[in-house]
Amino acid sequence: MTNHWTDIENANAILIMGSNAAEHHPISFKWVLKAKEKGAVVMHVDPKFSRTSARSDFHVPLRSGTDIAFLGGMVKYILDNDKFFHDYVVQYTNAACIVGEKFSFSNGLFAGFDKKTRRYDRSLWAFERDENGLPRRDTSLKHKRCVLNLMRAHYGRYTLDRVSSTTGVSRENLMRVYEAFAATGAPDKAGTMMYALGWTQHTVGVQNIRLAAIIQLLLGNIGVAGGGINALRGEPNVQGSTDHALLYHILPGYLPMVQAKWPTLADYNKANTPVSNDPQSANWWQNRPKYMASLLKSWFGDNATEQNEFCYGLLPRLDEHGDYSLMYLFDRMYKGQISGGFVFGTNPAQSAPNTHKTRRALSNLDWLVVGELHHTETSDFWRGPGMNPSDIGTEVFLLPSAQRGEKEGSITNSGRWLMWHYMAQQPIGESRSLGAMVVDIMNAVRKLYRQEPGAFPEQLLMHDWPQAFDPDRIAKRNNGWFTRDVEIGGVAYKKGQQIPGFGNLQTDGSTACSSWLQCGSYLDSGNLAKRRDLSQTPMQANIGLFPNFAWAWPMNRRVLYNRASVDANGRPWNPAKPVISWEDGKWVGDVPDGGWPPMASGKGKLPFIMAADGYGQLYGPGRLDGPLPEHYEPAETPLARNPFSGQLSNPCMKRMISDADPLAKPADKRYPIVLTTYCLTEHWCGGGETRNTPVLLEAEPQQYVEMSPELAKEKGIANGDVVVVESARGRVEAVAMVTVRMRPLPVEGRIIHEIGMPFCFGWTTPKCGDAVNRLTPAVGDPNTTIPEYKVSLVNIRKADKVTEL
Amino acid sequence: MPKAFFIDTTRCTACRGCQVACKEWHNLPAVQTRQTGTHQNPPDLNPFNYKLVRFSEHLIDGVIRWYFFPDQCRHCFQPPCLFTAEDYVPGAIVQDEDTGAVLYTDLTRHLSAEEFEEVRHACPYDIPRRDSGTGLVSKCDMCIDRVKNDKLPMCVNTCAMGAMHFGEYDDIRALAEKRLEVVRGEFPNASLANPDDVAVVYLLADEPERLHQHAVAQAPAPMTRKQLLARLARPLNKASRA
Ligand code: SF4
Ligand code: SF4
Ligand code: SF4
């Protein structure tokens, strides 16, 4: 989230899209209701009418996978009707920047597409730059290649009729949302967007969010109270785990992962340190070498020296374009290229797409270690449906793991607040925290390495590895300490002292910090994540900002890009709800996004400090699949042609290729129905934990499928019947929940039916059903490879024999 | 002063935190349920679910309405269940003087099958349920153990949406009236359910029957002669609360 939970209360308009906030992030809804009470309009756009819709002002059903069409229509509405926040857009975004002549867009493809590699040459999308390397701008917005005019041309195609026919949303409903949300383009109004996996889990997932951010920039909603682009993240600690690089392509603090083409630290720094000659651009990532050096120093301790590039050479490296994400991992496992592995805190045999393939892939392993609270579909895959244990050679170790209440540590909430939680009771039996397992296992491996030779000994032995797992020590290390006595900016620091903030990090090895984002969270005075102090100034109280409660990265800033909430003189655009304000020569309110004075002083910096040019990126040359979001149909689509272009699906999407990965044809007659999948309130993610919590299982005991009465009638299905849902990859039994909450959608001149199923039910819980992911395809977004769980094509029929329920 | 609840169905998101918390606090075992084509589960109140969130959906003039009703005992000021049981097994159902909580005791096991049916039938909200194993009749006990220790009832404590409140009856009543005025714009059919008669005041988002068949009091069954006589003979302080 750019903002945070309590800030939702400040919004005048709330667009919940790609999320079922009330069900999946229940606490977020407390703040939605508070905003609603104060007069905010709450809109829910989603294929299914859910508990969120029930408490919103209105619900708008749309066809899964058409969010870009929906939002593209909103961009057109905003531009056509001059609803954008003019000063903000011209001064703070790249609307006025002029794109080079090589850029083009035609028939669904941007310039530079290579059909063979299915990749773009992104250099063709670059801005025109002057002799100093600054982007050329036309602040009159007249130049035909300035970003705003390219957007007018691009989204001019997103007419009400075409959007309505693609999404299945009536023109009236489109206008209802567009008008209500675009009204927040006024300087004294704010709109927030709340999204979750409903936007990310698509082959166009990243561009869904890009387009949402574009709208928020056009309306001046980024950086202000009640605004922002707010990914709802929850108990799985998605925020904390991405901050700490639980994904293969990044290192902690969103530093890019090392690639084979950067053999030295100097190469890495050269490739990853952007340059700007604009004195008004903070170009924050120019500091990357400091963060990388401090990270390496933290990992390798005394072994890391300037001479050996802080052991940079010991890090594993990615091949260029190499993809090591979940789906590729299982694809390689399926093809016999992986012999063993650890699965902690996830249940892929239940929650990865195309389950049949995933489960068969696991059986190709020689060994598998699972750290879990309970037996899951992953730990017990070898005795699952259709498996013959005597045919499976995989040796499986199940390490009993401690439950949340049995361990202490930090969780980073959706609003980037680092919050310490305490152990309520000792782990039962021999169960242990995952941290303790990892530390001890590696210590055992290190011991073996010291006794006998093995591959890559330095990689294991050079680490500054702890003797035992200590969450407090790790929190300290995340903040970082000085490795020797130093003087920085006239202040002397002693060896071993905690680093007060990432402004102090150095490239010379004098600082060790394993997550620059968390630098400032654990000072000599203590762990700020433990703070529960509600004190605030009246200005902070006015917008529900609690600077002394826990700690937010970066540097306890609660609203990101807050310098965009003020004009060139540092005066808030909305004087009624200031986030920061320049008063008597200093900033008050939130921690400003950099302490420079306001822009008008001539010494200020542009507010979007993470972008090299300093501007909010309406036009974003960085993503793999285009500088502007464009509607493409999902990998499995009920349409034979894309109403917007000749390019049916995302030309760059990732797709697994194997005998186990069939896809339905476009408009496949065998599978005419759209399936979308989701979680539900009563179960947590894949259900491995909550299906073992009897009172929760009582409330949601079995696999169901939600469908409209119209579809049920067509198929001769009554409420409560067991039905079979079938895709090109598998079949699933479910109880029919026939409900008016699912509406048939008029799309491209016919009716398209959509059904929905939760993914939490698995066979290890008797008679509750089994993985819905047996139906979903292994296709993904080109930028993140997140699977397209939200759309697949299926058919349904009444079951003549029930085996799973 | 009797204690009272205010349950605002216009704020309830049916998260079922209250339903689950009630079970956990009372250490009630999970019951075996099946998916039958609705999210409402267990399907009805039972001896192990004192609180049940009821779901009801409607398509009214093309607009989908989905209502949630966290059902529980209303702790009636003049509890018909108590009056009925009193005739058969004195002390089976009692009313706590301080709080007004209507409490079912171990003596309920001595009610015969017919007598229990009569007690259940007397309840205008169809609340009491019997455990066929132990013979005990049970329902919401206002978390009397918590309330006597100055703690909120568990369901109220759990609700993050501000859909449930607990306090002194007069304050609760005032809160309910005020909230009713606020929501009239969005919910023109909203009303308070029998607010003069019960300690659990519901703000109903729509016509009562659109939320639950027993959202408001059903006319009680005519009293038997015996019941009538018994009621007339009852000392005043027992029959009149509020
Ligand atoms: S806890 Fe509150 S919001 Fe949740 S179901 Fe109960 S009353 Fe409704
Ligand atoms: S609601 Fe029913 S069970 Fe509860 S006190 Fe009233 S009559 Fe008795
Ligand atoms: S007051 Fe206590 S017993 Fe009654 S419904 Fe709430 S939690 Fe259950």
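Descriptive notes on the structure:
- Yes/no for B:I64 being buried (at least 18 other Cβ atoms within 10 Å of the Cβ), facing chain A (nearest Cβ under 7 Å) and at pLDDT 95 or above: yes
- Screening the candidates A:A541, A:A611 for the property of being closer than 27 Å to A:W31 by Cβ and either assigned to a strand (DSSP E or B) or within 31 Å of the chain's Cα centre (by Cα) (or both) yields one hit, A:A541.
- A:G526 falls short on exactly one of the conditions (1) at pLDDT 95 or above; (2) more than 29 Å from A:T242 (Cβ to Cβ), and that condition is (2).
- Some residue of segment B:85-94 being touching a residue at least 24 places away in the same chain (Cβ under 8 Å) and among the β-branched types (V, I, T): yes
- Conditions (1) more than 16 Å from ligand 3 (Cβ to nearest atom); (2) on the phi < 0 side of the Ramachandran plot; (3) in contact (Cβ under 8 Å) with a residue 12 or more places away in the chain; (4) in contact with a helix residue (DSSP H, G or I) (Cβ under 9 Å, 6 or more places away or on another chain); number of the one not met by B:A176: (4)
- Residue list for segment A:306-316, restricted to those being surrounded by fewer than 15 Cβ atoms within 10 Å (Cβ to Cβ) and either in contact with a Gly (Cβ under 7 Å, 6 or more places away or on another chain) or of a type in the set (K, R) (or both): A:E306
- When segment A:588-597 is filtered for residues that are in contact with a Lys or Arg (Cβ under 9 Å, 6 or more places away or on another chain) and buried (at least 21 other Cβ atoms within 10 Å of the Cβ), the ones remaining, listed by number, are A:D590, A:P592, A:D593.
- Top-ranked residue of segment B:73-100 - restricted to ones that are within 16 Å of ligand 3 (Cβ to nearest atom) and crowded, with 21+ Cβ neighbours inside 10 Å, ranked as nearest to the other protein chains (Cβ to nearest Cβ): B:C73
- Hits in segment B:151-182 - residues which are among the small types (G, A, S) and either within 12 Å of ligand 1 (Cβ to nearest atom) or within 14 Å of another protein chain (Cβ to nearest Cβ) (or both): B:A160, B:G162, B:A163
- Residue in segment A:677-686 that is within 11 Å of chain B (Cβ to nearest Cβ) and on the phi > 0 side of the Ramachandran plot present: no
- Of the numbered criteria (1) facing another protein chain (nearest Cβ under 9 Å); (2) surrounded by fewer than 23 Cβ atoms within 10 Å (Cβ to Cβ), the one B:A14 fails is (2).
- Counting residues in segment B:112-119 that are at pLDDT 95 or above, within 15 Å of ligand 3 (Cβ to nearest atom) and over 18 Å from B:L28 (Cα atoms) gives zero.
- Members of segment B:1-38 found to be in a helix (DSSP H, G or I) and within 16 Å of ligand 2 (Cβ to nearest atom), listed by number: B:C22
Condition check ((1) within 8 Å of chain A (Cβ to nearest Cβ); (2) without any contact (Cβ under 8 Å) to a residue 60 or more places away in the chain; (3) surrounded by 22 or more Cβ atoms within 10 Å (Cβ to Cβ)) across all residues:
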site	(1), (2), (3)
B:P2	no, no, no
B:D8	no, no, yes
B:C22	no, no, yes
B:T38	yes, yes, no
B:D44	no, yes, no
B:D71	no, no, yes
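- Where a residue in segment B:140-167 is among the charged types (D, E, K, R) and its partner, wherever it lies, is within 8 Å of ligand 3 (Cβ to nearest atom), with Cβ under 7 Å and at least six apart: B:R146/B:P153; B:R146/B:M154
- Qualifying positions in segment B:102-122 - touching a Cys at 6+ places or on another chain (Cβ under 9 Å) and either touching a residue at least 40 places away in the same chain (Cβ under 8 Å) or within 24 Å of B:C18 (Cβ to Cβ) (or both): B:V102, B:Y104, B:R120, B:A122
- Residue list for segment B:8-50, filter: within 26 Å of B:E181 (Cα to Cα) and more than 10 Å from ligand 3 (Cβ to nearest atom): B:D8, B:T9, B:T10, B:R11, B:C12, B:T13, B:A14, B:C15
- Just one of the listed residues (A:V705, A:V723, A:V674, A:V695) is under 27 Å from B:E57 (Cα atoms), out of contact with any Lys or Arg (no Cβ under 8 Å at 6 or more places or on another chain) and either at pLDDT 95 or above or away from every other protein chain (no Cβ under 14 Å) (or both), namely A:V705.
- Matching entry among A:G39, A:G73 (being in a helix (DSSP H, G or I), at pLDDT 95 or above and either in contact with a strand residue (DSSP E or B) (Cβ under 8 Å, 6 or more places away or on another chain) or not polar (S, T, N, Q) (or both)): A:G73
- Considered as a group, the residues in segment B:45-72 that are outside any strand (DSSP E or B) and within 15 Å of ligand 1 (Cβ to nearest atom) include one that is farthest from the chain's Cα centre (by Cα), and that residue is B:L45.
- Candidate set from segment B:125-156 (those that are within 16 Å of B:K23 (Cβ to Cβ) and in a helix (DSSP H, G or I)); member that is farthest from ligand 3 (Cβ to nearest atom): B:D145
- Counting only residues that are part of a loop (DSSP other than H, G, I, E, B) and either more than 30 Å from B:D206 (Cβ to Cβ) or within 11 Å of another protein chain (Cβ to nearest Cβ) (or both), segment A:51-63 holds 4 of them.
- Positions within segment A:6-36 being within 22 Å of A:V674 (Cβ to Cβ) and either at pLDDT below 95 or within 11 Å of chain B (Cβ to nearest Cβ) (or both), in sequence order: A:N20, A:E23, A:H24
- Residue among A:V169, A:V163, A:V206, A:V177 that alone is β-branched (V, I, T), assigned to a loop (DSSP other than H, G, I, E, B) and touching a helix residue (DSSP H, G or I) at 6+ places or on another chain (Cβ under 9 Å): A:V169
- You will find that of A:T139, A:T117, the residue that is modelled with pLDDT of 95 or more and over 29 Å from the mean Cα position of the chain (by Cα) is A:T139 and no other.
- Qualifying residue in segment A:423-441 (condition: within 30 Å of the chain's Cα centre (by Cα) and in a strand (DSSP E or B)): yes
The values are calculated or read from the model by the stated rules, or taken from the named source; none is laboratory data. Here the structure is a predicted model, which means the values were calculated and not measured. Here the Cβ is made from the backbone with ideal geometry for all residues, glycine too, and neighbour counts use every protein chain on show.
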